[in-house]
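Read the structure below first, then the notes.
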Amino acid sequence: MTNQLTFSRQTKNEVYKSIYHLKNCCVDVFLYALFKCLGSLTFTNRGLALSVSTENNDLLNLACKLVKQQYGKSCKIQSENTNSFSGNVIFNAKFDLDLVEKLKLVHYDEQGLLQLATKTNDFFDDNECCRRVFLKTLFLCCGSLSVPVMSDDFTESKKGQRYHMEMVFVDQDFAKSVLDLLNWLGFDFKMTKRKSHTVLYLKKPESIADFLVYLNAMKSKLEIENVMIERNLRNVANRQSNCINANIDKAIVASNKQIEAINLLQQAGKLALLTTQLQDVARLRLAHPEATLEELAVITGISKSGIRHRLDRLVALSKDINQGENK
Ligand SMILES: [Zn+2]
């Protein structure tokens, strides 16, 4: 199994491949989702500017290709600086301002102020292909995924013991409308706030697997199912071996007590005075100190309860000796 970061990246590669050849109707949806997640509108000395910053250069290349193809506008990608946290290079592209209008990225509210548009459902003309591309793009732009990491010696690292898929949004209203869409599609995403961001997330591995199918990430879906199966098997094995260990411990404690009793009886010269039945079982126990009652029963052909009764009797008799000494 791979580590967390690699798994998230693998999944994104799979999703990215599935949107590389977009149908015409899906292009605006892709661009809208991209600008909404990663884009920024800023005022510069040359007026308003629309730009996108991301570590994902593939995504930026695809956006530029589609803008050229659909609107005949070119854009230039530059590497900006490095992410101080991940150490990865951040790429930036400036887009033609006409796109703001064409994609209806902004609108004027009642007070005449410029606002970022929030649209999801009315945007797709009920096209399933567009809806899928929308959610795939959101996952690529602001999503991440982690699964429990298994090490080679089959011990799990504590840190990676959870399944978690999330998408993080700056715009809370937008996040809410995405949540509505996800719930409408039957995915049980939950919403929470993290500082100034709104996070939509899934925790159940089965739900994550379902969503991966929707995103056409079949390899990742299979991988997450393998982790689930492996974990279940391991849990069952752990429970069984704990159970067996507990029984063995109990048997050893009982056997030690019996052996102690037999030795005591012998030292006190009482063992030879007992019935042959008791003497036989005492010899048997000394010869097989680690055997369970079942095993002793098999060796002797006496019933398990018969063996237990005789061994209990030996222990009881040894207690009498102890009490006699204490008097
Ligand atoms: Zn479409």
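Read-outs throughout are calculated quantities, based only on the coordinates presented, and are distinct from any laboratory measurement. These numbers come from a predicted model, not from an experiment. Cβ placement follows ideal geometry from the backbone for every residue including glycine, while neighbour counts extend to all protein chains displayed.
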* Asked: About the Cα centre of region 220-327, what is the dipole size in debye to 20, counting +1 per Lys and Arg Cβ and -1 per Asp and Glu Cβ, all else neutral?
  -> 280 debye
* Once Lys and Arg get +1 and Asp and Glu get -1 on their Cβ, which of Ser177, Gly301, Phe35 lies farthest toward the positive end of the dipole of the chain? -> Gly301
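Hey, what did the chain get for relative contact order, percent, Cα under 8 Å, at least 6 apart? Before the final figure, lay out the partial values.
On the way: 380 pairs, mean separation 44.4, N = 327.
Result for the chain is 14 percent.
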* For region 143-268, how big is the tail of P(r) above 18 Å, as a whole percent of Cα pairs? -> 67 percent
* Asked: Taking only DSSP H segments of four or more residues, each worth -39500 (n - 2.57), what value at 222 nm results for the chain once the sum is divided by all its residues, to the nearest 500 deg cm²/dmol?
  -> -18500 deg cm²/dmol
* To do: State the extension gain, in nm to one decimal, for the chain segment bounded by Val168 and Ala272, taking 0.36 nm per residue of separation less the distance between their alpha-carbons.
  => 29.3 nm
* Among Asn45, Val315, Val236 - extreme Cα towards positive end, dipole of the chain, charges at beta-carbon -> Val315
* To do: Taking the Cβ of Tyr20 as the centre, find all other residues whose Cβ is under 13 Å away and add up their charges (Lys, Arg: +1; Asp, Glu: -1).
  => +3
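Note down the magnitude of the dipole of the chain about its Cα centre, charges +1 on Lys and Arg C-beta and -1 on Asp and Glu C-beta and zero elsewhere, to the nearest 20 debye.
Roughly 520 debye, rounded to the nearest 20.
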* To do: Just the ratio, please: alpha-carbon radius of gyration of the chain over 2.2 N^0.38 Å, N its number of residues.
  => 1.77
* Stretchable slack from Ile252 to Asn235, in nm (0.36 nm times residue separation minus alpha-carbon distance) -> 3.5 nm
* Which trypsin sites (Lys or Arg not before Pro) from region 38-118 combine a DSSP loop assignment with at most 13 other Cβ atoms within 10 Å? -> Arg46, Lys104
* Among the GluC sites (Glu not before Pro) within region 258-299, which fall in a DSSP loop and have no more than 16 other Cβ atoms within 10 Å of their own Cβ? -> Glu290
* Asked: Please identify the chymotrypsin sites (Phe, Trp or Tyr not before Pro) of region 1-59 that satisfy two criteria: DSSP loop assignment and at most 14 other Cβ atoms within 10 Å. Which are they?
  -> Tyr20
* Sort largest first and round to whole Å: the equivalent ellipsoid semi-axes of region 248-326, each the square root of five times a Cα gyration tensor eigenvalue. => 21, 14, 10
* Asked: When the chain is treated as a GNM, springs tying every alpha-carbon pair under 10 Å, which of Ser86, Ser196, Ser74 comes out with the largest mean-square fluctuation?
  -> Ser86
* **Charge sum, other residues only, whose C-beta stays under 14 Å from Lys219's C-beta, Lys/Arg counted +1 and Asp/Glu -1** => +1
